[in-house]
Amino acid sequence: MSDLFFYGTLRYQPLLELVLGRSLSDLAISQASLKDHSVYGVKGQAFPLIAAESGSVAKGLLVQNLSPNDLKKLAFYEGGFEYDLNSRMVDLANGSTAEALVFYPEPNLWTPDVLWSLQDWVDGWGELTLIAAQEVMAYYGKVDASVIARSFPSIRTRAWAKLAARKRKTGDPRDARKDVIIHDHKRAYVDYFGMEEVALQHRRHDGSMGAVLNRNGLMQGSAVVVLPYDPVRDAVLLVEQFRTPVFLIDDPEPWMWEPVAGMIDPGETPEQTALRETQEEAQVALDTLEFAGEAYSSSGSSTEYVYLYVGLADLTRTIDNGGLASEGEDIRTQILPFDAFMAAVDSNGFKDMPLLTLAYWLARHRDRLRA
């Protein structure tokens, strides 16, 4: 049996129970602190780190009687954050001390931000983290922790998308909790995308329950698609980049002309993502965003939900070095007069569905935007 001192997100007991996969009732849990340490948020992330700091005190929980299997699960989960265990002496509320293991980040991996608050984190990130942890721990014993570490940003993006999906109602009176029966549910694959398999029945239009169906879903986050448009010059800007799925289907032209597009990061609104992605991919600052609709991009196969925009901007230059090197992006842009753009649309010169959707929206609203 082992004792651990938790100073960060695993102080949130619903998360600790989820990671361990069991109740905490047979564990001894007490308030504790670690001298000469402080807990800071990680810059640009939603989790904390602990740092040696003379005269400070890091508050947390001492959890005792953890089994070897508990430690393996904790190491798997924390491995996704590049944390390792070290032994330290902690102080208990009754004045005694105890030796405990503490998760420390890899040196110089993360940049400390402001002092971290557990309650602020629970309010802002607790629900998302529980959803992400469910996916992470579903792969315990199936993949190495290094795979989770590589996939973790995408896992959190999917969790953020799931939170948004839960609020997506149009007035359908049916209740999926009663009208869908799950017989088996597996998380089959994790990487930049996830793949889930399910065996289910759903209620048919005649009121009966249908046969058991075996289906798969490509699990993705939500995305934005933005077509930059200059109403003064009456021109649009397109980006071109290599698309691996198009290559994998044996299309001889996997370099695609598209609108700007990108995934919505946790904590972002679609509008914030639209502005960020247009700057990153095309180096264009948008003046105004015109909302052009939202929908699932391919509801029979993927969870991706897309928010569509036309972004008004001053379009005067093209680039051939767009995108982020850290994401392997290699993007160039072109500016097309509206008439030439629509002529290419009408002659099947483009193969990207969101681009066609936004072209038709722009054709309908162009006079208003130019006025």
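If you line up the long axis of helix 145-165 against the longest principal axis of the chain, both from Cα atoms, how many degrees apart are they, to the nearest 10?
Tilt of helix 145-165: around 60 degrees.
Comparing Asn94, Asn321, Asn86, which has the greatest mean-square fluctuation in the GNM of the chain with Cα pairs linked when under 10 Å apart?
Asn94
For Gln220, what residues show an amide H to amide H distance below 5 Å, using hydrogens built from the backbone and excluding near sequence neighbours?
Thr303, Glu304
Provide the FRET efficiency to the nearest 0.05 for the His185-Val147 pair, computing r from the beta carbons and using R0 = 22 Å.
0.60
Between Leu336 and Ala199, what length in nm is gained on full extension when 0.36 nm per residue of separation is reduced by their alpha carbon distance?
Using 0.36 nm per residue and subtracting the Cα-Cα distance, I get 44.6 nm.
Return P(r) of segment 157-252 (all Cα-Cα pairs; 5 Å bins starting at 0; whole %; ordered from short to long distances).
Computed distribution, short to long bins: 2, 9, 11, 14, 17, 14, 11, 9, 7, 4, 2, 0.
Sort segment 56-188 into rounded, prolate or oblate with this rule: let a ≥ b ≥ c be the square roots of the eigenvalues of the Cα gyration tensor; rounded if a/c is under 1.5, and if a/c is not under 1.5, prolate when a/b is larger than b/c, oblate otherwise.
prolate
Kirkwood hydrodynamic radius for segment 27-85: how many Å is it when counted over pairs of different Cα atoms? Working shown, then result.
Details: mean 1/r = 0.0764 Å⁻¹.
It is 13.1 Å.
Between Asn321 and Gln279, what is the label-point separation in nm under the 7 Å Cα-to-beta-carbon projection?
Between Gln279 and Asn321, the label points sit 1.9 nm apart.
Once the piece of chain linking Ser117 and Ala165 is laid out straight, how much longer is it, given 0.36 nm per residue of separation minus the C-alpha distance between them?
On the way: separation 48, 0.36 × 48 = 17.28 nm, distance 2.78 nm.
Extending this stretch completely gives an extra 14.5 nm.
Please report the net charge: other residues with Cβ closer than 11 Å to the Cβ of Trp257, K and R +1, D and E -1.
Details: positive: Arg243, Arg332, Lys351; negative: Glu240, Glu253, Glu258, Asp352.
With Lys, Arg at +1 and Asp, Glu at -1, the neighbours total -1.
Restricting to DSSP loop positions (anything but H, G, I, E, B) with no more than 15 other Cβ atoms inside 10 Å of their own Cβ, which chymotrypsin sites (Phe, Trp or Tyr not before Pro) remain in segment 152-218?
For chymotrypsin sites (Phe, Trp or Tyr not before Pro) across segment 152-218 that sit outside H, G, I, E and B with at most 15 neighbouring Cβ atoms in 10 Å, the list reads Tyr192.
What lysines could a cross-link reach from Lys43, if we take a straight Cα to Cα line under 18 Å and drop same-chain neighbours fewer than 8 places away?
Cross-link targets: none qualify.
What's the percent breakdown of Cα-Cα distances in segment 1-63 across 10 Å bins, shortest bin first?
Spelled out per bin, shortest first, that is 21, 47, 27, 5.
How much of the calculated P(r) for segment 128-194 lies past 18 Å, in percent of all Cα pairs? The partial results should precede the final answer.
Values: 1055 of 2211 pairs.
The proportion of pairs with Cα distances above 18 Å equals 48 percent.
First compute the accessible area of segment 250-371 with a 1.4 Å probe, then give the percent of it belonging to carbon and sulfur atoms.
Numbers: 3100 of 6480 Å².
It is 48 percent, rounded to a whole number.
Taking the inverse of the average 1/r across all pairs of different Cα atoms in the chain, what Kirkwood radius in Å do you get? Don't skip to the end; give the middle numbers.
Working: mean 1/r = 0.0422 Å⁻¹.
Answer for the chain: a Kirkwood hydrodynamic radius of 23.7 Å.
Taking the solvent-accessible surface of protein heavy atoms with a 1.4 Å probe, what is the per residue accessible area of the chain in Å²?
53
For a quick size check, give me the Cα extents of segment 223-371 along its three principal axes, largest first, whole Å.
Computed over segment 223-371, the largest-to-smallest principal extents equal 42, 39, 33 Å.
Gain in length, Asn86 to Thr288, computed as 0.36 nm per residue apart minus the alpha-carbon separation, to one decimal in nm?
Value of the extension gain: 67.6 nm.
Output the direction-averaged projected area (hull surface divided by four) of the convex hull of the alpha-carbon atoms of segment 9-121, in nm². If you can, show how the numbers build up before the last one.
On the way: hull surface 28.8 nm².
Taking a quarter of the hull surface, the average projection is 7.2 nm².
What share of the DSSP beta bridges in the chain is antiparallel, in percent to the nearest 5?
Working: 72 of 82 bridges.
Bridges in the chain are about 90 percent antiparallel.
The values are calculated or read from the model by the stated rules, or taken from the named source; none is laboratory data. Owing to the predicted nature of the structure, the values given are computational and were not obtained by experimental measurement. Please note: Cβ atoms are built from the backbone with ideal geometry, for glycine as well, and neighbour counts cover all protein chains shown. What goes into the accessible areas is simple: the full protein's heavy atoms, side chains included, and nothing from ligands, DNA or RNA. Shrake-Rupley method; radii C 1.70, N 1.55, O 1.52, S 1.80 Å.
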